[in-house]
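Notes to accompany the following structure.
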């Protein structure tokens, strides 16, 4: 019987507990699903969204794209990103400059003491 | 007879078979595409089987050495050589055996995937020649015990990688990315060559064990160390030498990108090998340990924060890869910083190193899976732009499940493999410095957040009109992804087995410099 428990030096972890939790969650999901509306039929009027009587917009129009996500996060960290993103210039000489600068810093740190 | 030959020559066969396979590939491809496919798949299958055999020998019998041109494969120091191991020696200890098995498994999965993903492209014989050369080079990088021989494999990997990055021309942009990759790699290789020249000039030796025995950590040894650290940190894409990574990873075919991850990890392996095994306690381990920790924290934070605003799926995964490299540097850096303190080393240092090594293995698997799933989506819909995707969960259900497994693993969500290695890193690093552990935890949360965006953008939402005809990825691609997904789940459910069998012996092999020396130099 393989040992499931991982010892971390200051604690342990056993994935079986998590596995059992996932199984319990799946059972609960199934119970909720099974107690749903029995008369549901795919491809009928039932599945059309009701938007206060307004016509349904095009699917692409309601899709939330990647660019619209996390704008609040980006906005609150705009100063950080304003400084970070321009460093990624895509210019090869800049890449090498970073490499040489870090080499120089490490040489000072290690060689001088 | 054949079995004896394979067992005796396994260390060289894992390098020689893909090398010979690569050069014969254009010849075999002239017969028919089916022969080419069978040949390439056969070569990686045999290489994988020998890598597994070699690992089992190492785990049962200890470190395996192979001396080129010697009358017996373990005659490391010839009688008339003045006590110097003059021949090239391949050294396979637990650490290198573990790396070989993982690289072989990923190479096999990626080749299988590539059979479908790249079948419509032209010049496939050159493509697979470079692919097999890449496998040969990474196998050589983790096996060789000779500095100059390592440099040769490093150069082979750079040339093969650059050729593969440029393979999909993409209106010249892939060629630009390949040129950038090649220039950065070449400068890094020159740094490494300077370090070799310094060490050879001073100690008249290129063998790692011999150098480890003779190193005195003089001024120029320190310069050589920094050149080695910089060369290999650049090759593995640590911040702030990471700029080439998103360029190359986003424009290469996905199967190539998955292998580029393996090349990065081979460089990281080499960095740890040189720092621990060659320099060991002679270097100022606290300073170099903190250098690795600083590079690790920078990589974790800048990698993940740069990933969040990305809209190109492969570029986003590339930045996440940089972030994950940071965890490995952090774990190994903590191990190095306490290397001279036996109490701290046994209390948490060795666990941090185990976490770092385990994360290298895990990262190779889940990052490879993420690139393959992204590749299968691009293969079906023809765009990498997340803003143009959506609703693909309706038509690519298996790809979605594989992607979800990869995402949960990279974010360190239990019970997947990424969680097990990150847990080892969190708990051990917390004992060293709680602030570093908190940073690592926050980075994991941001990783999950960025992948929630990716998952939503690709798979969620209504079925879009323009993707109405999209079908699931072809079967060979699904099998390639499936192998990696199964490995993630298995490693996640049996972490202690992996730690006991692969990771802990690998960590001990790095810490036990004397053991490495005694095997090569005969206990002198």
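The values are calculated or read from the model by the stated rules, or taken from the named source; none is laboratory data. Not measured: the values here are computed from a predicted model. When we count neighbours, we look across all protein chains shown, and the Cβ atoms used for this are built from the backbone with ideal geometry, even at glycine.
Test of understanding: among B:227, B:199, which residue is away from chain A (no Cβ under 14 Å) and either part of a helix (DSSP H, G or I) or surrounded by fewer than 17 Cβ atoms within 10 Å (Cβ to Cβ) (or both)?
Exactly one of B:227, B:199 is away from chain A (no Cβ under 14 Å) and either part of a helix (DSSP H, G or I) or surrounded by fewer than 17 Cβ atoms within 10 Å (Cβ to Cβ) (or both), namely B:199.
Could you check region B:164-186 and list, in sequence order, the residues that are modelled with pLDDT of 90 or more, under 17 Å from residue A:90 (Cα atoms) and touching a helix residue (DSSP H, G or I) at 6+ places or on another chain (Cβ under 7 Å)?
Listed by number, the residues that qualify are B:165, B:166, B:174, B:177, B:178, B:180, B:181, B:182, B:183, B:184, B:185.
Out of curiosity, is residue B:339 on the phi < 0 side of the Ramachandran plot and modelled with pLDDT of 95 or more? First the steps, then the outcome.
Values: on the phi < 0 side of the Ramachandran plot: yes; modelled with pLDDT of 95 or more: no.
No: the conditions fail for residue B:339.
Scan region A:75-95 for residues that are within 29 Å of residue B:192 (Cβ to Cβ) and assigned to a loop (DSSP other than H, G, I, E, B) and jot them down.
If the condition is that a residue be within 29 Å of residue B:192 (Cβ to Cβ) and assigned to a loop (DSSP other than H, G, I, E, B), then A:88, A:89, A:90, A:91 are the ones that fit.
Please state which one of B:51, B:94, B:117, B:104 is at pLDDT below 90, under 26 Å from residue B:160 (Cα atoms), in contact with a helix residue (DSSP H, G or I) (Cβ under 8 Å, 6 or more places away or on another chain) and surrounded by 17 or more Cβ atoms within 10 Å (Cβ to Cβ).
B:117
Quick one: in region B:233-255, which of the residues that are within 11 Å of chain A (Cβ to nearest Cβ) and not in a helix (DSSP H, G or I) is surrounded by the most Cβ atoms within 10 Å (Cβ to Cβ)?
By that ranking, first place goes to B:238.
Name the single residue that is farthest from residue B:496 (Cα to Cα) among those in region A:8-41 being over 28 Å from the mean Cα position of the chain (by Cα) and within 12 Å of another protein chain (Cβ to nearest Cβ).
Of everything passing the filter in region A:8-41, A:10 is farthest from residue B:496 (Cα to Cα).
Go through region B:202-224 and give me each residue that's assigned to a loop (DSSP other than H, G, I, E, B) and crowded, with 21+ Cβ neighbours inside 10 Å.
B:206
In region B:81-100, which residues are in a helix (DSSP H, G or I) and either without any contact (Cβ under 8 Å) to a residue 60 or more places away in the chain or over 19 Å from residue B:134 (Cβ atoms) (or both)?
Taking region B:81-100 first, the residues in a helix (DSSP H, G or I) are B:94-100.
Answer for region B:81-100, where residues must be in a helix (DSSP H, G or I) and either without any contact (Cβ under 8 Å) to a residue 60 or more places away in the chain or over 19 Å from residue B:134 (Cβ atoms) (or both): B:94, B:95, B:97, B:98.
Any chance region B:469-476 includes a residue that's away from chain A (no Cβ under 14 Å), assigned to a helix (DSSP H, G or I), in contact with a helix residue (DSSP H, G or I) (Cβ under 9 Å, 6 or more places away or on another chain) and over 22 Å from residue B:356 (Cβ atoms)?
Within region B:469-476, one or more residues are away from chain A (no Cβ under 14 Å), assigned to a helix (DSSP H, G or I), in contact with a helix residue (DSSP H, G or I) (Cβ under 9 Å, 6 or more places away or on another chain) and over 22 Å from residue B:356 (Cβ atoms).
So, of the residues in region A:46-74 that are surrounded by 13 or more Cβ atoms within 10 Å (Cβ to Cβ) and in a loop (DSSP other than H, G, I, E, B), which turns out to be modelled with the lowest pLDDT?
The extreme case among them is A:63.
Of the residues in region B:415-447, how many are more than 11 Å from chain A (Cβ to nearest Cβ), free of Cβ contacts under 8 Å to residues at least 24 places away in the same chain and touching a helix residue (DSSP H, G or I) at 6+ places or on another chain (Cβ under 6 Å)?
1
Run down B:508, B:496 and say which single residue is part of a helix (DSSP H, G or I), closer than 18 Å to residue B:356 by Cβ and within 13 Å of another protein chain (Cβ to nearest Cβ).
Result: B:496 is the single residue among B:508, B:496 that is part of a helix (DSSP H, G or I), closer than 18 Å to residue B:356 by Cβ and within 13 Å of another protein chain (Cβ to nearest Cβ).
I'd like to verify a number: residues in region A:96-112 that are more than 7 Å from chain B (Cβ to nearest Cβ) and either in contact with a helix residue (DSSP H, G or I) (Cβ under 7 Å, 6 or more places away or on another chain) or not in a helix (DSSP H, G or I) (or both), how many?
Count: 1.
Looking only at region B:76-88, count how many residues are out of contact with any helix residue (DSSP H, G or I) (no Cβ under 9 Å at 6 or more places or on another chain) and surrounded by fewer than 16 Cβ atoms within 10 Å (Cβ to Cβ).
Total meeting the criteria: 4.
List the number of the failed condition for residue B:15; all other conditions in (1) surrounded by 14 or more Cβ atoms within 10 Å (Cβ to Cβ); (2) modelled with pLDDT under 95 hold.
Every condition holds for residue B:15 apart from (2).
Looking at B:276, B:272, which is the one that is within 22 Å of residue B:366 (Cα to Cα) and either in contact (Cβ under 8 Å) with a residue 40 or more places away in the chain or at the interface with chain A (Cβ under 9 Å from one of its Cβ atoms) (or both)?
B:272
State which residue is nearest to the chain's Cα centre (by Cα) when the search covers only region B:315-347 and only residues that are surrounded by fewer than 24 Cβ atoms within 10 Å (Cβ to Cβ) and part of a helix (DSSP H, G or I).
Per the criteria, the residue is B:315.
Only one of these conditions is not met by residue B:209: (1) in contact with a strand residue (DSSP E or B) (Cβ under 9 Å, 6 or more places away or on another chain); (2) within 14 Å of another protein chain (Cβ to nearest Cβ). Which number is it?
If we test residue B:209 against (1) in contact with a strand residue (DSSP E or B) (Cβ under 9 Å, 6 or more places away or on another chain); (2) within 14 Å of another protein chain (Cβ to nearest Cβ), just (2) comes out false.
Please enumerate the residues belonging to region A:13-45 that are assigned to a loop (DSSP other than H, G, I, E, B) and surrounded by 10 or more Cβ atoms within 10 Å (Cβ to Cβ).
A:14
How many of the residues making up region B:101-129 are over 18 Å from the mean Cα position of the chain (by Cα) and either on the phi > 0 side of the Ramachandran plot or in a helix (DSSP H, G or I) (or both)?
Number satisfying all stated conditions: 13.
Considering only residues of region B:383-414 that are within 9 Å of another protein chain (Cβ to nearest Cβ) and part of a helix (DSSP H, G or I), which is nearest to residue B:326 (Cα to Cα)?
Once the filter is applied, the top-ranked residue is B:386.
Kindly evaluate residue B:40 against the criterion of being in contact with a strand residue (DSSP E or B) (Cβ under 9 Å, 6 or more places away or on another chain) and under 19 Å from residue B:136 (Cα atoms).
So residue B:40 does not fit the description; no.
Identify all residues within region B:160-178 that are part of a helix (DSSP H, G or I) and surrounded by 17 or more Cβ atoms within 10 Å (Cβ to Cβ); write none if there are none.
So the first thing to find is which residues in region B:160-178 are part of a helix (DSSP H, G or I), and the list is B:160-165, B:170-178.
Correct list: B:160, B:161, B:162, B:163, B:164, B:165, B:174, B:175, B:176, B:177, B:178.
Go through (1) more than 10 Å from chain A (Cβ to nearest Cβ); (2) surrounded by 24 or more Cβ atoms within 10 Å (Cβ to Cβ); (3) modelled with pLDDT of 95 or more one by one and return the number of the condition residue B:503 breaks.
Only one criterion is unmet by residue B:503, namely (3).
Can we say residue B:383 is free of Cβ contacts under 8 Å to residues at least 24 places away in the same chain and closer than 16 Å to residue B:316 by Cβ?
Spelling it out, residue B:383 is indeed free of Cβ contacts under 8 Å to residues at least 24 places away in the same chain and closer than 16 Å to residue B:316 by Cβ.
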